[in-house]
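Written out below as structure tokens is the structure these notes cover.
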Amino acid sequence: MSISVSSSFMNYARSLQGTPLKRYSALSSMVLRSKAGNSNIVTNSSAKTNKDENANIEGVRNNSGTVSSNTDKKVVTRSSEIFYNNYLLKNSNDKSYVIDGAEFSSEEVDAVRNVLQNAVSPLLGGKLYYDYKDYAQMGIAENSVAKYAAENLTEDQAAVVNKSLSGYISGLLDKEEEWINSECYIDDTEGVGDTGEMNTYYGVRQTTPQWIRDDLAATLAKFNTAAAKYKVYGRNSGSKAVSGNHSVEDRSGGLIYCASNKELARSVRSLFAETDITDEGRLADVFKEYKDMMNAAYLAVGFGRTTNDMLKDDTNSFTKQISNMKAVFSGINRNGIDSMF
């Protein structure tokens, strides 16, 4: 049996003489792939490439809920906490987020973060408790955020953003309540002046820490022991040893400017939350209503002739808060997102 070999193949075979085995294997693989014209014959290197391509096409899901693809945009699942905490942000390669079921672009997330963080900034700063002025600022924050969301976001997005702000404020008030329950008490004494009418609006008192009570009790005990030893108090002097009730139940704590009249606090918050703060005339009326509501409270706490100055300081801070919100919205508008103002 004879085998006919073309001259071209013989020339190709001669060119391989002296070629290292490793190089020959590579060349063979190239020939096989070119001759096959499909993926039926695959070398190890081409299998790795196909595996990577399949991973890129199908996407890889990691523990953070991220799905990436070279054909689909990258989506990151997060809770609304992302609006307040920087560490939950991903890098600039992220294209969109799913937050509590609603999808946001990275630009929308950045804009909402700016709005929300500016809105809550007057309520931060390590505060342990909140005055009526703070409740007004809560209302302004809710008002501003709701209006921005309504005019710049979808209904689903707006619902997520408004709910996140409500939850954030509720969290602050929950922490306040925990602090009051552990460190304070409510003075509900009826009457006038410092023990009565003031308590209608400012009834929270901070309890003296137990270690101070213990130190004071020990000091008094030592004093009385020394006084008895050296007969400081004569038999008929009428003087008595120093004493005092320093138990946990002793209600002698200091005044805290915390809004204890929750009905009034809710009214103040609603007043500003439900006002069109873009209407200068309506805003002036709201400021007057606020002053009327708070005048009695400030007089009861003893501000006296300074009450008008205190109220003016309050409304000035509200004006500044609204102005800051306008600046944030204007900045967002310059970056291509519509503004509410």
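If Val286 meets every condition in (1) modelled with pLDDT of 95 or more; (2) within 17 Å of Tyr202 (Cα to Cα); (3) among the aliphatic types (A, V, I, L, M) apart from one, which number is that one?
(2)
Can you tell me which residues in region 114-128 are of a type outside the set (Ser, Thr, Tyr) and outside any loop (DSSP other than H, G, I, E, B)? If you could, list the steps in order and put the result at the bottom.
Residues of region 114-128 of a type outside the set (Ser, Thr, Tyr): 114-120, 122-128.
Answer for region 114-128, where residues must be of a type outside the set (Ser, Thr, Tyr) and outside any loop (DSSP other than H, G, I, E, B): Asn114, Val115, Leu116, Gln117, Asn118, Ala119, Val120, Pro122, Leu123.
Out of curiosity, is Val268 touching a Ser or Thr at 6+ places or on another chain (Cβ under 7 Å), open to solvent by less than 30 Å² (accessible area, probe 1.4 Å) and in a helix (DSSP H, G or I)?
Judged against the criteria, Val268 is not a match.
How about region 81-99: which of its residues are modelled with pLDDT under 65 and either surrounded by 11 or more Cβ atoms within 10 Å (Cβ to Cβ) or under 21 Å from Ala159 (Cα atoms) (or both)?
The answer is Lys90, Asp94.
Among the candidates Tyr97, Tyr168, which residue alone is farther than 18 Å from Ser323 by Cα, in a helix (DSSP H, G or I) and either aromatic (Phe, Trp, Tyr) or under 13 Å from the mean Cα position of the chain (by Cα) (or both)? Step through it out loud before you land on a result.
Working: Tyr97 fails: in a helix (DSSP H, G or I).
After applying the criteria, what remains is Tyr168.
The values are calculated or read from the model by the stated rules, or taken from the named source; none is laboratory data. Every value quoted in this text rests on a predicted model; they were computed, and no experiment measured them. So basically every Cβ, Gly included, is an ideal-geometry build from the backbone, and we count neighbours across all protein chains shown. Just the protein is used for accessible areas: all its heavy atoms, side chains included, with ligands, DNA and RNA removed. Shrake-Rupley method; radii C 1.70, N 1.55, O 1.52, S 1.80 Å.
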